[in-house]
Protein chains: 2
Amino acid sequence: MVTLAEVARHAGVSASTVSYVLSGKRSISGPTRERVEQSIKELGYHPNAGARALASSRSNIIALMVPLRTDMYVPVMMEIAIAVATTARTHGYDVLLLTGEEGPAAVRRVTGSGLADAMILMDVELEDERLPLLRDARQPTVLIGLPADTVGLTCVDLDFTATGALCADHLAGLGHREIAVVGEAAAVYERHTGFAVRTLEGLRGRARELGLRLLHRPCEGSYESMAGALARIFDERPGTTGFVVQNEAAIDPLLSLLRQQGRAVPEDVSVVAICPDQVAAQASVRLSSVAIPAHEMGRRAVELVVAKLEGHGSDEVALLEPELTVRASSGPAPNAAP
Amino acid sequence: MVTLAEVARHAGVSASTVSYVLSGKRSISGPTRERVEQSIKELGYHPNAGARALASSRSNIIALMVPLRTDMYVPVMMEIAIAVATTARTHGYDVLLLTGEEGPAAVRRVTGSGLADAMILMDVELEDERLPLLRDARQPTVLIGLPADTVGLTCVDLDFTATGALCADHLAGLGHREIAVVGEAAAVYERHTGFAVRTLEGLRGRARELGLRLLHRPCEGSYESMAGALARIFDERPGTTGFVVQNEAAIDPLLSLLRQQGRAVPEDVSVVAICPDQVAAQASVRLSSVAIPAHEMGRRAVELVVAKLEGHGSDEVALLEPELTVRASSGPAPNAAP
DNA sequence: CCGGGTCATTGAAGCGCTTCGACTGAGTTG
DNA sequence: CAACTCAGTCGAAGCGCTTCAATGACCCGG
């Protein structure tokens, strides 16, 4: 194993000079720099991560805590994780993957041991038990998702309240008066997951303003549960002509069932989805949708955390503006005035 | 920040004693151990990861390299990643998340810097450019997936050749003679991804033995591309009564299209999928399928790598036996002899 | 030709931990 | 009872790096 000292000897300089060449924290003359870089290359030197971390109290690692559950939004989580990992690399950081399993204990372990310089948490609940620990951890933290109380926290999320309102606007604008919301599994609402709750609030609030009738039905995502939910929806509100779906797994079943029942999309019913663009574009009917900007969320989270690590950057809540793309699944309500 | 030395002072022992209490590498008397543990708790001590890594040349980190692409099997990758992370924790290791982006450079960086004690690579191609580096890295490595040449490597994978054969057996046993294979996107085969190629080999080999006619069509996974592929299949082989699907995204479109064309499953055509059980169980027709044991693969990979780190454990290829679960999507061929 | 400033480089002091060898005293053995 | 073992503890030497204060070399204006 090649060490700094060996590089220094090979290049005929002191160890500290090599270190400064590597870090760029002091000016080094051209010739010296070149000699050192040459030696590094020749010897195949790689700085030892542990020694660096010890001497500088910086590990250059960002911890990413992903939810253990895989009951929702798996592709989104994966895309966020990958975006975090690649963006972190461009800033010189590696990513440590923590699962929610250990819960608050993981936070304590990582912040205590200096394993990571900062943390990014996903799948934040409205009253998350990890939050108190974060508020007085010495490591900077960024949340992907929005808890109830954001004081002293930095968060990134799609503005789901605005997303709900946007969906309501779109359908109302097309003349739909009775809207059904096909949501995530009931468990997701029960554990007070922010995005699901907020979307619903946004939908309800705007529906009230616009005088729409709104019916919310959680859905497990299986074909069977979708069939059940759909039957109950048309049973209770036969005049339903607009659907908002926030559950990737339920999309295909919904479209398939509507087709089976002879309800044409978008002629008889309109469907708006809240899902990644790729999913919307691949469905049997190209779906009008509000995109989940997973990549952007991961990227922003890293950038916020890096800014904090570098001293600038403050606590802020970065809400991404939702964008609705109109595709082939939404059109004028069948009985609307022209 | 609390250090070992402070704990030692607080407990009235030497630093080395505290260290031995922590590691258990030397015997410590009951009273002393208790005193030290008490001090650790009172002071809220957490060993510093960097210092540990430097002194012991062990980081207690396993690097996991996941593919950057998200064009296939995303939920499977995620499940493997989560299984790796949780299993690693039970052995005292954390997981560093690397994306394929950096390619071989990431391998060099991690092995060179001692950032990780071992590596697990996913999405291995038949002729993977990272393999030469691994063969003479000092860190143990385990591959999830099977390259062409496994000499000197440790691998975990579902036995996809046997999986293909099993699907052929199942359909042949039900009297089907003409089988269509709906595969992954063409790009997956072009980059020689092991699992896709091997499944096909297994299918072809057994089909030949059993005298089945086999038609393979790659598929992007969108509804549109599935429609195209299906049209070409029935065009070319109108007598097709059996389907093998190895592409999660294509499952729903396939079932939906078959229904639209008035072909009943399993009365007119039988479908066997190669996918996680959850997906098979949630489809509109409960699918007969060979499960992808994602969790098991992740777990096994960690256990193999930990065994290597502990000195026992040798190079071996662990192929998991495929299991076919018969559900509602496969039945006797319509024109078969009773 | 000297005081003051800048630039490039160095030596040495740690960072917090693990681990080796040495030491002690109690228990065992011939 | 001397010789020996062994469990339990300690001191000290690093692990490979960063960083601070110090040292020269050099240039400038006065």
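The values are calculated or read from the model by the stated rules, or taken from the named source; none is laboratory data. Here the structure is a predicted model, which means the values were calculated and not measured. Positions of Cβ are generated from backbone atoms using ideal geometry, with glycine treated the same way; all protein chains shown enter the neighbour counts.
Could you tell me which of the residues B:T90, B:T150, B:T86, B:T141 is under 20 Å from B:P276 (Cβ atoms) and polar (S, T, N, Q)?
B:T86
Does segment B:134-144 contain any residue that is at the interface with chain A (Cβ under 9 Å from one of its Cβ atoms) and either touching a Cys at 6+ places or on another chain (Cβ under 9 Å) or not in a strand (DSSP E or B) (or both)?
The answer is yes, given that some residue of segment B:134-144 is at the interface with chain A (Cβ under 9 Å from one of its Cβ atoms) and either touching a Cys at 6+ places or on another chain (Cβ under 9 Å) or not in a strand (DSSP E or B) (or both).
For segment B:55-66, what are the residues that are of a type in the set (S, T, N, Q) and either surrounded by fewer than 21 Cβ atoms within 10 Å (Cβ to Cβ) or near DNA strand C (Cβ under 8 Å from one of its atoms) (or both)? Full working, then the answer.
First, the residues of segment B:55-66 that are of a type in the set (S, T, N, Q): B:56-57, B:59-60.
Once the filter is applied, which keeps residues that are of a type in the set (S, T, N, Q) and either surrounded by fewer than 21 Cβ atoms within 10 Å (Cβ to Cβ) or near DNA strand C (Cβ under 8 Å from one of its atoms) (or both), segment B:55-66 yields B:S56, B:S57, B:N60.
Considering only residues that are more than 12 Å from the chain's Cα centre (by Cα), among the hydrophobic types (A, V, I, L, M, F, W, C) and at the interface with chain B (Cβ under 7 Å from one of its Cβ atoms), which ones fall in segment A:60-89? So that I can check it myself, show each step before the final result.
Initially, segment A:60-89 is screened for residues more than 12 Å from the chain's Cα centre (by Cα), giving A:60-63, A:68-72, A:85-89.
This time we only want the ones that are among the hydrophobic types (A, V, I, L, M, F, W, C), so: A:61-63, A:68, A:72, A:85, A:88.
Once the filter is applied, which keeps residues that are more than 12 Å from the chain's Cα centre (by Cα), among the hydrophobic types (A, V, I, L, M, F, W, C) and at the interface with chain B (Cβ under 7 Å from one of its Cβ atoms), segment A:60-89 yields A:L68, A:A85.
(1) within 11 Å of chain B (Cβ to nearest Cβ); (2) outside any helix (DSSP H, G or I); (3) more than 16 Å from the chain's Cα centre (by Cα); (4) at pLDDT below 95: which one isn't true of A:R109, the others all being true?
Going through the list (1) within 11 Å of chain B (Cβ to nearest Cβ); (2) outside any helix (DSSP H, G or I); (3) more than 16 Å from the chain's Cα centre (by Cα); (4) at pLDDT below 95, A:R109 breaks only (2).
From the set of residues in segment B:210-222 that are within 14 Å of chain A (Cβ to nearest Cβ) and within 19 Å of B:S289 (Cβ to Cβ), which is surrounded by the most Cβ atoms within 10 Å (Cβ to Cβ)?
Checked segment B:210-222; the qualifying residue surrounded by the most Cβ atoms within 10 Å (Cβ to Cβ) is B:C219.
Considering only helices (runs of 4 or more DSSP H) fully contained in segment A:223-323, which possess at least 1 residues that are away from chain B (no Cβ under 14 Å) and either without any contact (Cβ under 8 Å) to a residue 60 or more places away in the chain or within 24 Å of A:L200 (Cβ to Cβ) (or both)?
A:223-236, A:294-309
Which of the residues spanning segment A:1-54 are over 43 Å from the mean Cα position of the chain (by Cα) and surrounded by fewer than 12 Cβ atoms within 10 Å (Cβ to Cβ)?
Within segment A:1-54, A:A5, A:G12, A:S29, A:G30, A:P31 meet the criteria.
Consider A:Y93 against the criteria (1) away from DNA strand D (no atom under 16 Å from the Cβ); (2) within 25 Å of B:Q139 (Cα to Cα): it satisfies all of them except one. Which criterion is unmet?
Among (1) away from DNA strand D (no atom under 16 Å from the Cβ); (2) within 25 Å of B:Q139 (Cα to Cα), A:Y93 violates only (1).
Just need a number here: residues in segment A:1-51 that are within 12 Å of DNA strand C (Cβ to nearest atom), farther than 22 Å from B:A51 by Cβ and within 14 Å of chain B (Cβ to nearest Cβ).
Of the residues in that region, 1 qualify.
If I go through segment A:43-71 residue by residue, how many of them are more than 11 Å from DNA strand D (Cβ to nearest atom) and among the polar types (S, T, N, Q)?
Number of matching residues: 2.
Residue by residue, here is whether (1) more than 30 Å from B:N335 (Cα to Cα); (2) assigned to a loop (DSSP other than H, G, I, E, B); (3) over 23 Å from the mean Cα position of the chain (by Cα) holds:
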| site | (1), (2), (3) |
| --- | --- |
| B:V156 | yes, no, no |
| B:A165 | no, no, no |
| B:L200 | no, no, no |
| B:A207 | no, no, yes |
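Can you tell me which of A:V317, A:V265, A:V271 is buried (at least 18 other Cβ atoms within 10 Å of the Cβ) and within 25 Å of the chain's Cα centre (by Cα)?
It is A:V271.
Can you tell me how many residues within segment B:114-133 are surrounded by fewer than 19 Cβ atoms within 10 Å (Cβ to Cβ) and in a loop (DSSP other than H, G, I, E, B)?
3
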